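The structure appears right after this line, and notes come after that.
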Amino acid sequence: MTALLEARAVCAWYGQAQVLHGVDLRIDAGELVLLCGRNGSGRSTFAKALAGLVRRTGSIVFAGRQIAACPTFEIARLGMGYVAEQREVFPTLSVEENLHLGIKPGAGRSAARKIDAAFERFPMLAQRRRTEAGALSGGEQQMLVLVRALMGEPRLLVVDEPTEGLAPQAVAAVADCLRGLCEQGGAVLLIEQRLTLAQRLAARVAVMGHGRIVFDGAAGTLDAKTIDEWVAIGSGR
Ligand SMILES: Nc1ncnc2c1ncn2[C@@H]1O[C@H](COP(=O)(O)OP(=O)(O)O)[C@@H](O)[C@H]1O
Ligand SMILES: [Mg+2]
């Protein structure tokens, strides 16, 4: 089977400072891969490298195309969704308008159906349908950017700490929709601190340490304690 994403020897820099030192990671269609690691280990930078938001080298093949030199909009067009750690809503637009912006151009009348389906699935957003996104709580904004990314029906969703600051009910909704995306043949790279949640979802776990993958294996063989140990090894402690 050809991989949906195959990253090899990916390095990345902020100015002169090298943060990734040769990351290898493969993701197949239908897979949810958990990426964990200590703060500062380079997880967000790897997500940005995939999305074309940071200077990087190496090979990144996505959906059959080499994207290591592609600009962000082209990577998005190929079907990679990216949800950043910062909640980037359009603050003066309503919740509904924000969701509209996530839909691919040309969806026509099915756009309204997609938005209705999203509101059905996320009642907390439905209640705030006409509210300016800037007036939502942090958790609601987090939910909104995630659902907006799903509106684009990504083949791979790269999502950076999506449950940070969310209430338990919202966490469950996020988990549901990530699972749903994989069941429909999409894939997810999930950067997540809540290991218990992530483990329920992920079949594979990769651990980042100092800009490299220090562990990559089946989630079934790992418990939260073992993952923590790998994280500690990766951070050199
Ligand atoms: N915009 C930036 N400019 C310079 N250095 C950065 C920037 N973002 C992150 N870094 C540095 O890159 C390293 C990896 O950070 P990051 O990828 O955010 O790690 P993680 O997401 O695992 O916490 C850290 O040492 C961090 O200080
Ligand atoms: Mg981060």
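The values are calculated or read from the model by the stated rules, or taken from the named source; none is laboratory data. Everything numeric here is computed off the predicted structure, so don't read it as measured data. Backbone-built Cβ (ideal geometry, glycine too); neighbour counts: all protein chains shown. Just the protein is used for accessible areas: all its heavy atoms, side chains included, with ligands, DNA and RNA removed. Shrake-Rupley method; radii C 1.70, N 1.55, O 1.52, S 1.80 Å.
Answer yes or no: is there a residue in the stretch 55-66 that is out of contact with any Gly (no Cβ under 9 Å at 6 or more places or on another chain) and within 13 Å of ligand 1 (Cβ to nearest atom). Checked the stretch 55-66: at least one residue is out of contact with any Gly (no Cβ under 9 Å at 6 or more places or on another chain) and within 13 Å of ligand 1 (Cβ to nearest atom).
This table checks each residue for (1) among the aromatic types (Phe, Trp, Tyr); (2) at pLDDT 95 or above; (3) surrounded by fewer than 21 Cβ atoms within 10 Å (Cβ to Cβ); (4) assigned to a helix (DSSP H, G or I).
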site	(1), (2), (3), (4)
ALA107	no, no, yes, no
LYS114	no, no, yes, yes
ALA117	no, no, yes, yes
LEU125	no, no, no, yes
GLY139	no, no, yes, yes
LEU144	no, no, no, yes
LEU150	no, no, no, yes
VAL158	no, yes, no, no
ALA175	no, no, yes, yes
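Modelled with pLDDT of 95 or more, touching a helix residue (DSSP H, G or I) at 6+ places or on another chain (Cβ under 8 Å) and of a type in the set (Lys, Arg): does that describe ARG65? So ARG65 does not fit the description; no. Taking the stretch 1-63 as the region of interest, the strands (runs of 3 or more DSSP E) fully inside it that hold 1 or more residues being open to solvent by 40 Å² or more (accessible area, probe 1.4 Å), of a type in the set (A, V, I, L, M, F, W, C) and away from ligand 2 (no atom under 16 Å from the Cβ) are 5-14, 55-62. In the stretch 49-62, the residues that are on the phi > 0 side of the Ramachandran plot reach residues that are open to solvent by less than 40 Å² (accessible area, probe 1.4 Å) and part of a helix (DSSP H, G or I) with C-beta atoms within less than 8 angstrom, at least six apart or across chains, in these pairs: GLY52/ILE75. Contact map, the stretch 201-213: residues that are in contact (Cβ under 8 Å) with a residue 60 or more places away in the chain paired with residues that are in a loop (DSSP other than H, G, I, E, B) and of a type in the set (Lys, Arg), Cβ distance under 8 Å, separation 6+ or inter-chain. Pairs shown: GLY209/ARG38.
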